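Okay, structure first, notes after.
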Amino acid sequence: MRVAVITGGVGGARFLRGLQALTHTPQWTDLSITAIANIGDDITLHDLRICPDLDTVMYTLGGGIDNERGWGRTDETFTVHSELTAYGAGPAWFGLGDRDLATHLIRTQMLNAGYALSDVTAALCKRWDIGIELLPMSNDRIETHVTVDHDGERKAMHFQQWWLEHKAEIPAQSFAFVGADTATAAPGVIAALSEADAIVLAPSNPVVSIAPVLAVPGIKEAVMQRPVVGVSPIIAGAAVRGYADACLRAIDVETDAAAVARHFGARAHGGLLNGWLVDDSDHEVCAALTDEGIVTKAVPLWMRDVPTASAMAEASLLLAQDLGA
Ligand code: GDP
Ligand code: CA
């Protein structure tokens, strides 16, 4: 089975680690996985190009992630970061680890030498032996900016500043994926989607992880040609980690598993989804969503460790198969 997964950082990476583990089981030896990752969070700091979602997926699947934090390297230190901060060379709110810096140095050197981000990503992933294909959504520069009303004026700031410095506490008026409308999908992205038996929307932030990927011209159109199963990032009315609730509020969608499914929409009515997984605690929404054309199943959706993520990933594949994948 060929599966393409649209993903952000931490939630998507943990899901992908579960999916990757399935390939070592006898039932899923023929499973091949392509992850298409959001790059809207990318930022340049100290002349280094940083791609948080690509790196989170790479480190998580390669066994280099700090599991507790969910991002960055294991056994990380922040010596360079604190030295930079002592010089007043911010921003202090972006935690740049010493080990992590090596990744950004190599990426930036390769980009400056003319390599495309997809080639750089493949080169970095060689070291980590991640067992799946990891593609950035585009080789063009796309950055998510957030419009806010702050100190009496309306202004736009980089997503990372809103998320990390302001902890998403300033109400967002809107999100813009700057550069997306003129961008091209990275090589391999449209083919992976078109050739996939099923496409899975990882349990990633719908507004700032999944939406930017779908905003790249051609991606949504390709997704709409294949069976799509989504995995709810919302459990019992709460974002499991992070500030997805603040993002959903900005687009007038409730922080609720059914509301997010309806936001993506039923394929039968021009939306994305054929199927949707919710957590057991949200089982009461299954019947109504299924009636509306989104076949919905309840399974445990807390990713506590690799086995729980793997069970959830398997449920998404089985649902896709039930739907004709
Ligand atoms: P980010 O780019 O690092 O913010 O990561 P993603 O966008 O891929 O994932 C963040 C989302 O993952 C959060 O908004 C949560 O709603 C969701 N999430 C995190 N942990 C879990 C989990 O254990 N289960 C489920 N269902 N969702 C999760
Ligand atoms: Ca992210």
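Observations, loosely collected:
- So Met224, is it under 19 Å from the mean Cα position of the chain (by Cα) and open to solvent by less than 10 Å² (accessible area, probe 1.4 Å): no
- Filtering Arg2, Arg69, Arg49 for residues that are over 25 Å from Asn139 (Cα atoms) and among the basic types (Lys, Arg) leaves a single hit, Arg69.
- Filter pass, Val229 being assigned to a strand (DSSP E or B), within 16 Å of ligand 1 (Cβ to nearest atom), touching a residue at least 24 places away in the same chain (Cβ under 8 Å) and crowded, with 19+ Cβ neighbours inside 10 Å: yes
- Listed by first and then second residue, the pairs with beta-carbon distance under 7 Å, at least 6 apart or on different chains, first residue in the range 161-184 and at negative phi, second of a type in the set (Phe, Trp, Tyr), are Trp163/Tyr243; Leu164/Trp93; Leu164/Phe94; Glu165/Trp93; Ile170/Trp162; Ala172/Trp162.
- The residues of the range 135-149 that are within 18 Å of the chain's Cα centre (by Cα) and either surrounded by fewer than 17 Cβ atoms within 10 Å (Cβ to Cβ) or part of a loop (DSSP other than H, G, I, E, B) (or both), listed by number, are Met137, Asn139, Asp140, Arg141, Ile142.
- Scanning the range 202-221 for residues that are open to solvent by less than 20 Å² (accessible area, probe 1.4 Å) and over 9 Å from the mean Cα position of the chain (by Cα) yields Val207, Pro212, Val216, Ile219.
- Of all residues making up the range 27-56, the number that are within 16 Å of ligand 2 (Cβ to nearest atom), in a helix (DSSP H, G or I) and either surrounded by fewer than 22 Cβ atoms within 10 Å (Cβ to Cβ) or not β-branched (Val, Ile, Thr) (or both): 4
The values are calculated or read from the model by the stated rules, or taken from the named source; none is laboratory data. It should be emphasised that the depicted structure is a prediction, and the values quoted were computed from it without experimental measurement. Here Cβ is always computed from backbone atoms with ideal geometry, including for glycine, and neighbour counts include all displayed protein chains. Side chains included, ligands, DNA and RNA excluded: accessible areas come from the protein's heavy atoms. Shrake-Rupley method; radii C 1.70, N 1.55, O 1.52, S 1.80 Å.
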